[in-house]
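Before any comments, here is the structure.
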4 protein chains.
Amino acid sequence: MTVGVGIIGTGVMGSDHARLLAGAVSGAALTAVFDVDQQRAAAVAGSAGSARALADPIELIHDDAVDAVLVASSDPTHEAFVLASIAAGKPVLCEKPLAPTVDGCLRILDAEAASGRRLVSVGFMRRYDPGYVDMKTILDSGEIGAALVLHCVHRNASAPASRFRGDVITNSAVHEIDLARWLLDDEIVAASVYTPRAGATRDIQILVLESATGVLVDIEVFVNARYGYDVRCELVGEEGSVSLDAAPATELRRAGMAGRRLPGDWRPRFAEAYRRELQDWIERLRNNRNPGGADGWDGYSATAVAQACVAALETNTRQEVKLTAKPHLYA
Amino acid sequence: MTVGVGIIGTGVMGSDHARLLAGAVSGAALTAVFDVDQQRAAAVAGSAGSARALADPIELIHDDAVDAVLVASSDPTHEAFVLASIAAGKPVLCEKPLAPTVDGCLRILDAEAASGRRLVSVGFMRRYDPGYVDMKTILDSGEIGAALVLHCVHRNASAPASRFRGDVITNSAVHEIDLARWLLDDEIVAASVYTPRAGATRDIQILVLESATGVLVDIEVFVNARYGYDVRCELVGEEGSVSLDAAPATELRRAGMAGRRLPGDWRPRFAEAYRRELQDWIERLRNNRNPGGADGWDGYSATAVAQACVAALETNTRQEVKLTAKPHLYA
Amino acid sequence: MTVGVGIIGTGVMGSDHARLLAGAVSGAALTAVFDVDQQRAAAVAGSAGSARALADPIELIHDDAVDAVLVASSDPTHEAFVLASIAAGKPVLCEKPLAPTVDGCLRILDAEAASGRRLVSVGFMRRYDPGYVDMKTILDSGEIGAALVLHCVHRNASAPASRFRGDVITNSAVHEIDLARWLLDDEIVAASVYTPRAGATRDIQILVLESATGVLVDIEVFVNARYGYDVRCELVGEEGSVSLDAAPATELRRAGMAGRRLPGDWRPRFAEAYRRELQDWIERLRNNRNPGGADGWDGYSATAVAQACVAALETNTRQEVKLTAKPHLYA
Amino acid sequence: MTVGVGIIGTGVMGSDHARLLAGAVSGAALTAVFDVDQQRAAAVAGSAGSARALADPIELIHDDAVDAVLVASSDPTHEAFVLASIAAGKPVLCEKPLAPTVDGCLRILDAEAASGRRLVSVGFMRRYDPGYVDMKTILDSGEIGAALVLHCVHRNASAPASRFRGDVITNSAVHEIDLARWLLDDEIVAASVYTPRAGATRDIQILVLESATGVLVDIEVFVNARYGYDVRCELVGEEGSVSLDAAPATELRRAGMAGRRLPGDWRPRFAEAYRRELQDWIERLRNNRNPGGADGWDGYSATAVAQACVAALETNTRQEVKLTAKPHLYA
């Protein structure tokens, strides 16, 4: 069985997914795409062989050739497309955030619970990165003992000014928020935010998160680091630590320096994670298994923590995170 | 179009290829398998969905559901299966060596030339490893200047005693021989071999190869290194150098040490290279393009150099490599 | 001219200093030692050739063969010996802390100011570590732009239970407090402290310090990390970052791992810093120059910040650091 | 007791030694210097306090204020000054080479044997480098098993054209020759030399040395590597390996790269080795112990192996090294 996938949104992320589905994932076929920019949609459809560019995203969701929906459109549209996919009874993989607001996420949780089936996945692709998977395997093996502290650094080379302040959290740090929850198998219950040398932009922040079981997570997120894209972390346990710094395998010695090149953005760093995420999504659909990766609850919780961080940033106080009761569907 | 692949030989390599073709390569279907151990063949066929285990390898090559053949059987059988694939007009990807003898390789070159088409690929998968590709990109960019020396280390944790002496070269060092030829875009013209503290086993050797344009390649190959699988190299140019040491992305700090785990064998190290090799093979077949990677000539040249190295080992003298004229097909 | 040095306190630190002064520092002679354990003092004196073990520390300070005093006795005794050295008009290098209380430090500042001369040095030896010096040189060169954040990790393999809670700060983190002040050429003005999974021991803490110019400093200090002694940091600027992780120069590949050994405690890590600290102290004395390294003001400020951190730990609130006006002597 | 040292030759090496003896070595005093450039000698004497610049090197050797002689003059003069020091009964530390010719070295061995005392040291300072010492400690501990292969890389950023061909060996590779002998506690018995892309300059060579017990040593020596000074090695044993790559402790992330700076020449890399070499020399003299480090025999053997390498380079054949019987003095 080949899974027919329709993609809503063919910008940077969506067209990357289209390329992978058409040429690097086993068992999948890209069958339909939609984008508000119809030319862009047509170009992506054309490059993928037999895919059609459709004029309406809801039509795409209901198209017979679409077995599963991938949502990569702008953040505010996620909720509506995910709800429509649930209504159509179709599995949907939504790029983060599941929805920008806590209320939007809760509406999705309700709809999925009402459908009685696990249909929703959220594109926190780091859960598929071999490095992070290795880190989790080491933690779960017990060889570094129980987790105590997780240190994270997340640096983008540059970001548009519109991405500063709260967006630094909701757009960038949210990956570490999900990472911490997944790695530690724990919920975040409180957040504090510090900003150095803080002008109005606040393009660099330090978040201190506290988990339900008492693990501390500190995150430096810097969206204008200039020198390159650089994402690292260290997990400290009672008996040891494990660090992740996925530099390229080659080391260059040239002009007085021995070093490794850093990528300009996240795509080279996480290319393999995206491919594995899609392959796993397709493979589970083909085998009638529940989707893996981040589910609707994870999408909700990440948004709730991110909103608490934004409040902490704006009020300069520690904020507690209040989560709703976890529905049985996600047990 | 989906490419139907038949695999001859379902040992370690063949069953790994079967798994990739069935679940990680876009556009391919595993349709038939053969192995001298019919139970093993049946198990691999069963795990891949619709593949059939056939009783005869030549029958497999001619099967209508087999668009392309993958040869992963024992080394002495390679020549016959590659020749039969050429005779059937089907693309064939053969695990190294193309053939264990220079004469066998030449018979394949003749047959492929007579067919008038590029059908043969040799599974020197390192050409698809992202690290080596990065290395070649850096060399070709000119930023380290013209190549002068290539240092290679190839260590296996252990090898059966039968794999010592000449097999150290033909089985292990042959990867570096192909690597050097591909990276430098050059032929090897002479070889010397040194053995330290040499008992009868000669499980560790140093090869010094000379290329046609005067680049030196030294290779330490050690098939009983015990501590782990460890493959590295450094390419030195007139302006700089580039090194490859593909350790895992995670660093563990534990019990007085900060370090990285080494794999036990080559499979984790080159898993991604194998996947890319197969994906590229399938994608080119689907698009009616010539196969990429190592071709028949590369397979022949690698065997010729390996045989010169074996002669150098046995006679303790420098051996020149005499290659036949390169057929137009490989220009 | 040879500088005669008297050492008060010949425990681990004092006997190390004695060994260096007797055999690895140019222009110095160890002339006298005192310890409450007279046998220990005699042994150290005997190993250094012509040094005498004296029965009274004040007598040592006034001894004619003592040109300069090194205080390495227990923390509560520092103040008295430093004050006595000032009273005797003799240069004194005091191991950290200058005094355990802010008031004690202020009494020393007053006495030194009254003497009209710079006599006091505090043994924050990291200022002489080649790695930290290199870091400061890079920051001061401007090539990473203005400092924004300093991340520090300070892990001891183990500490006696009596060293937990506040002592974690005053004994271990105080090195990072001085380091941050020196590296950034800035004062710390506020401190917050977080403790993960916090039992009563609080042997691991995260300190968040804010500097006067708005740089953030986060410090993980973990005095019971078990796997080894491990001190690292990363300084992030507007254009780049510089990290320090002074692993040994040798990498070992053995038993499935490629890695570097970590020391069991601080002595191997900072051996060279101690030697350079002493050599610089002696060289400046010989040349009638003011002492380098941390001065009395630095000792006072470090204690003031450490006390604010202890208050932040105990009250679970952010604490501001109130410093007295800086005396002209330290301008 | 303070050891008065006279230095013959105050070029780059000699003035560095003068600076160390005057300001970084315990128990030493620089008392006299000689250089063919009298102004340079006077400047060095002046910077070191009480040292005198003498007009004649033999006069210096016999000067009453000179307890020990350090020879850092041009290579062809070494033999005469070492012989004169032996004749005067004074310990002498001679920069490498002990003498440029095997015959010259043998004359020194004879003279030292005749004197009945160990007076001669050769400045192979790598034996004092903490990294190499660590490497030897690891080998001697048995944890990597018996040595099989030593891989060395020795790259200088640039060298005058006059330093090419044979000088590449006698000036640069000779350090690895001594290193191999010392590390392995073994003699070199044969040598082969390869040159890549060999123009007349032969500024890059690969030496393959064979030890008496059958260890192989390969050395890439490249005196015009341009990108920086870079000296590394890996020692492979039956159970593991140990590598040395003494990059600076700081890592810089800037302009798309994460890396470490390489020094422009050997002085930063081996500064600590030179200091320890001198301190050990002085300390042993003060305690009437035989000198440590490389002795006369080591100096002779290094020159003999280097000459065999030069012959191998010039004749393009494997050369055996014939050593004289080892005098009892060096047992």
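Do the conditions hold for D:Ala173, that is, is it in contact (Cβ under 8 Å) with a residue 24 or more places away in the chain, surrounded by 23 or more Cβ atoms within 10 Å (Cβ to Cβ) and closer than 17 Å to D:Pro97 by Cβ? Yes: the conditions hold for D:Ala173.
Across the stretch D:139-150, what is the total count of residues that are in contact with an Asp or Glu (Cβ under 8 Å, 6 or more places away or on another chain) and surrounded by fewer than 22 Cβ atoms within 10 Å (Cβ to Cβ)? Qualifying residue count, the stretch D:139-150: 3.
Among the residues of the stretch B:259-282, those that are within 14 Å of chain C (Cβ to nearest Cβ) and either under 17 Å from A:Arg276 (Cα atoms) or assigned to a helix (DSSP H, G or I) (or both) comprise B:Pro268, B:Arg269. For the stretch D:1-25, a residue qualifies if it is crowded, with 23+ Cβ neighbours inside 10 Å and either modelled with pLDDT under 95 or not in a helix (DSSP H, G or I) (or both), and the qualifying residues are D:Val5, D:Gly6, D:Ile7, D:Ile8, D:Gly9, D:Thr10, D:Val25.
For the stretch B:1-30, which positions are more than 14 Å from chain A (Cβ to nearest Cβ) and among the polar types (S, T, N, Q)? Residues satisfying the conditions are B:Thr10, B:Ser15.
Close contacts from the stretch C:1-21, counting a first residue that is without any contact (Cβ under 8 Å) to a residue 40 or more places away in the chain and a second that is in a helix (DSSP H, G or I), with Cβ to Cβ under 6 Å and a gap of 6+ residues or different chains, come to C:Ser15/C:Val44; C:Ala18/C:Val44. If you scan the stretch C:30-52, which residues turn out to be farther than 11 Å from C:Ala18 by Cβ and among the aliphatic types (A, V, I, L, M)? Answer for the stretch C:30-52, where residues must be farther than 11 Å from C:Ala18 by Cβ and among the aliphatic types (A, V, I, L, M): C:Val36, C:Ala42. Scanning the stretch D:26-45 for residues that are of a type in the set (S, T, N, Q) and buried (at least 17 other Cβ atoms within 10 Å of the Cβ) turns up D:Ser26, D:Thr31. For the stretch B:125-159, the candidate set comprises residues that are assigned to a loop (DSSP other than H, G, I, E, B) and acidic (Asp, Glu); within that set, the residue that is farthest from the other protein chains (Cβ to nearest Cβ) is B:Asp129. Restricting attention to the stretch B:47-66, the residues being out of contact with any Gly (no Cβ under 7 Å at 6 or more places or on another chain), surrounded by 18 or more Cβ atoms within 10 Å (Cβ to Cβ) and part of a loop (DSSP other than H, G, I, E, B) number 3. With respect to the stated conditions, B:Arg286 fails to be among the charged types (D, E, K, R), in contact with an Asp or Glu (Cβ under 8 Å, 6 or more places away or on another chain) and surrounded by fewer than 21 Cβ atoms within 10 Å (Cβ to Cβ). Candidates in the stretch D:283-298 are the residues that are over 21 Å from D:Asp134 (Cβ atoms) and in contact (Cβ under 8 Å) with a residue 24 or more places away in the chain; of these, the one that is farthest from the other protein chains (Cβ to nearest Cβ) is D:Gly296. Checked against the criterion of being more than 29 Å from D:Ala225 (Cβ to Cβ) and crowded, with 20+ Cβ neighbours inside 10 Å, the candidates B:Asp218, B:Asp295 yield just one match: B:Asp295.
Close Cβ contacts (under 7 Å, 6 or more residues apart or on different chains) running from residues in the stretch B:85-96 that are in contact (Cβ under 8 Å) with a residue 40 or more places away in the chain and over 10 Å from B:Val66 (Cβ atoms) to residues that are of a type in the set (D, E, K, R) and in a loop (DSSP other than H, G, I, E, B) are absent.
When the test is whether a residue is of a type outside the set (Val, Ile, Thr), more than 14 Å from chain B (Cβ to nearest Cβ) and more than 18 Å from the chain's Cα centre (by Cα), A:Ala99 does not pass it.
Yes or no, residue by residue, for (1) more than 23 Å from A:Thr170 (Cα to Cα); (2) in contact with a strand residue (DSSP E or B) (Cβ under 9 Å, 6 or more places away or on another chain); (3) without any contact (Cβ under 8 Å) to a residue 40 or more places away in the chain:
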{"position": "A:Leu98", "(1), (2), (3)": "no, yes, no"}
{"position": "A:Val102", "(1), (2), (3)": "no, no, no"}
{"position": "A:Ile108", "(1), (2), (3)": "no, yes, no"}
{"position": "A:Ser115", "(1), (2), (3)": "yes, no, yes"}
{"position": "A:Phe124", "(1), (2), (3)": "no, yes, no"}
{"position": "A:Arg127", "(1), (2), (3)": "no, yes, no"}
{"position": "A:Tyr132", "(1), (2), (3)": "no, yes, no"}
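Evaluation of C:Pro97 against the conditions (1) part of a loop (DSSP other than H, G, I, E, B); (2) assigned by TED's automatic domain parsing to the domain that holds C:Ile206; (3) closer than 30 Å to A:Glu239 by Cα shows that the sole unmet condition is (2).
Would you call D:Gly89 within 14 Å of chain C (Cβ to nearest Cβ) and in a loop (DSSP other than H, G, I, E, B)?
So D:Gly89 fails the test.
Looking at A:Ser241, A:Ser211, just one residue is modelled with pLDDT of 95 or more, among the polar types (S, T, N, Q), surrounded by fewer than 23 Cβ atoms within 10 Å (Cβ to Cβ) and at negative phi, and that residue is A:Ser211. Evaluate the following for A:Ser162: is it at pLDDT below 95, more than 14 Å from chain B (Cβ to nearest Cβ), surrounded by fewer than 21 Cβ atoms within 10 Å (Cβ to Cβ) and in a helix (DSSP H, G or I)? Considered against the rule, which asks whether it is at pLDDT below 95, more than 14 Å from chain B (Cβ to nearest Cβ), surrounded by fewer than 21 Cβ atoms within 10 Å (Cβ to Cβ) and in a helix (DSSP H, G or I), A:Ser162 comes out as yes.
The values are calculated or read from the model by the stated rules, or taken from the named source; none is laboratory data. On a predicted model such as this, the values are computed, not experimentally measured, just so you know. Cβ: placed from backbone, ideal geometry, glycine included. Neighbour counts: every protein chain shown.
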